[in-house]
Structures are given as structure tokens and as C-alpha cells.
1. What's the number of the only condition in (1) more than 13 Å from the ligand (Cβ to nearest atom); (2) touching a residue at least 60 places away in the same chain (Cβ under 8 Å); (3) more than 28 Å from Lys67 (Cβ to Cβ) that Ser135 fails to meet?
2. Starting from residues that are assigned to a helix (DSSP H, G or I) and within 12 Å of the ligand (Cβ to nearest atom), keep the ones in the range 46-80 and report whichever is nearest to Met1 (Cα to Cα).
3. Tally up the residues in the range 14-34 that are out of contact with any helix residue (DSSP H, G or I) (no Cβ under 9 Å at 6 or more places or on another chain), part of a loop (DSSP other than H, G, I, E, B), of a type outside the set (Lys, Arg) and surrounded by fewer than 16 Cβ atoms within 10 Å (Cβ to Cβ), please.
4. List every residue pair whose Cβ atoms sit under 8 Å apart, with the two residues 6 or more apart in sequence or on different chains, where the first one lies in the range 143-164 and is at positive phi and the second, anywhere, is away from the ligand (no atom under 11 Å from the Cβ) and in a helix (DSSP H, G or I).
5. Show the residue pairs that are 6+ apart or on different chains and have beta-carbon atoms under 6 Å apart, the first residue being within the range 9-26 and among the hydroxyl-bearing types (Ser, Thr, Tyr), the second being more than 9 Å from the ligand (Cβ to nearest atom) and part of a strand (DSSP E or B).
6. Could you count how many residues in the range 81-96 are surrounded by 14 or more Cβ atoms within 10 Å (Cβ to Cβ) and either under 12 Å from Gly146 (Cα atoms) or without any contact (Cβ under 8 Å) to a residue 24 or more places away in the chain (or both)?
7. Which residue, of Arg109, Arg122, Arg76, is touching a residue at least 12 places away in the same chain (Cβ under 8 Å), over 30 Å from Leu179 (Cβ atoms) and surrounded by 12 or more Cβ atoms within 10 Å (Cβ to Cβ)?
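Bear in mind these aren't lab numbers, they're just calculated from the coordinates by the rules spelled out. Quick caveat, the model's predicted, so the values are computed rather than measured. Neighbour counts are summed over all protein chains in view; Cβ atoms, including those assigned to glycine, are modelled from backbone coordinates with ideal geometry.
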Amino acid sequence: MEVYLVRHTETVCEKGICYGQSDVEIREPYDLVFQTILSQLPQEAVLYSSPLQRCVVLAKHIQENIKANSIIEDSRLMEMHFGDWELQSWNDIPQEVLNPWMEDFVNVRVPNGESFVDLNKRVLDFLENEIAKGSEKPLIIVAHAGVIRSILCKINNLPLLEAFKSKLDFGAVVKIEILNSTRILKSF
Ligand SMILES: Cc1cc2ncn([C@H]3O[C@H](COP(=O)(O)O)[C@@H](O)[C@H]3O)c2cc1C
């Protein structure tokens, strides 16, 4: 099964702001970058999106331009919940709470938020369930950097600690091939 992982485009947030699950808008103009994304996608697909608007706006554009019955919004595809740090500048987060997380962001939870392991659990739950449905059509998943990286760790058999070692730009499209729910896969 072909799966296309699509990261949303740039948001209106200034660099240095932690926006996790905050529902921030995307930066205009985005028509050109949407076209570039579309040119890398199949003509027909089952279309999934994170419910956050930075993904849904792009998913709607995809739906209008390919054959896809609906946009299936799934909250398991949301970015990591950054709890008390949502919409804070990274520089304003006190070192005594930031440092323990930085040292082990995989396992340590953000105060009142998630750890990367928490995100990974819900993302893999989504992936395994949807793959088990065995769609004949390719899947398109419009989501976030953390979500896509967690899937890439799984398919490339990498520890979560290595999730952030490779680049994943705004508007990136990563195509992967999934054989079945237990034996995954290959990324292109
Ligand atoms: C473990 C982890 C560490 C991060 N450090 C920054 N972000 C990033 O995640 C958020 C946005 O992702 P997107 O732009 O794709 O929606 C931002 O808040 C950014 O700080 C992280 C995300 C995760 C999962």
C-alpha cells in the first residue's frame, strides 16, 4: 500500500514559538506551495488529516483536486501536546523545567502535556488500524512534523531519539510503502 505523508505548510507563528496543538493559521500566500504538493500526490486516494486547521486547509485543497470521498479527520494525527508551553516562546520556558525534557524528550512529559512516546503510541495505533482496513487506494495523511517523524522511525526501524536527525520541511511529501500491519516498509 502506498502512503503519502504530507506536512502542512508554514504557519503564521513567529520562529521560536512552541505551538504544538494550538490551532494556528497557515501563512498566506500558499497557492503555489499547495500546487507543488499536489503535483507529488496520486489522482485518487483515501485522505486523512489532523483536525488542526493548518492541516485541514491543505487537505481541503487536495480533496478539491483529486478523487477522494471525504477528509477523514483523526485526532490521533495531532501534533504533540505541549501543555503549559503551548504558544510560549521557547526562550521564556524556565530552564529547570525545559532541561529535563530536552535531555529526554522521548520519555519525559511536558508539564500538562505529552511525551514523544505518548504521541508515538496514538500515531502507531492510527496507522496500524487504518492499514488493517487494507485499502486498495493509496492513503494520503496530512499531518505534522512530530507525527510524520514518528511514522518514519517505525518504518525505518529507528529509535525515537533519532526522529529529529533528518530534515522535514513545511510542505514536504514523503512517500512510503507499507506491506501489511506487521511487516512494514520502505521510504522513498
Ligand atoms: C518531540 C518534539 C519536539 C519538538 N520541538 C519542537 N517541536 C515542534 O512541534 C510543533 C509544530 O510541528 P508542526 O509545525 O509540524 O505542526 C512546534 O510547536 C515546534 O515547536 C517539536 C515536536 C515534537 C513532537
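1. (3)
2. Out of the qualifying residues, it is Leu77.
3. Matching residues across the range 14-34 total 3.
4. Qualifying pairs under 8 Å: none.
5. Thr9/Ile26; Thr11/Ile26
6. Adding up the residues that qualify gives 2.
7. Every option except Arg109 fails the conditions.
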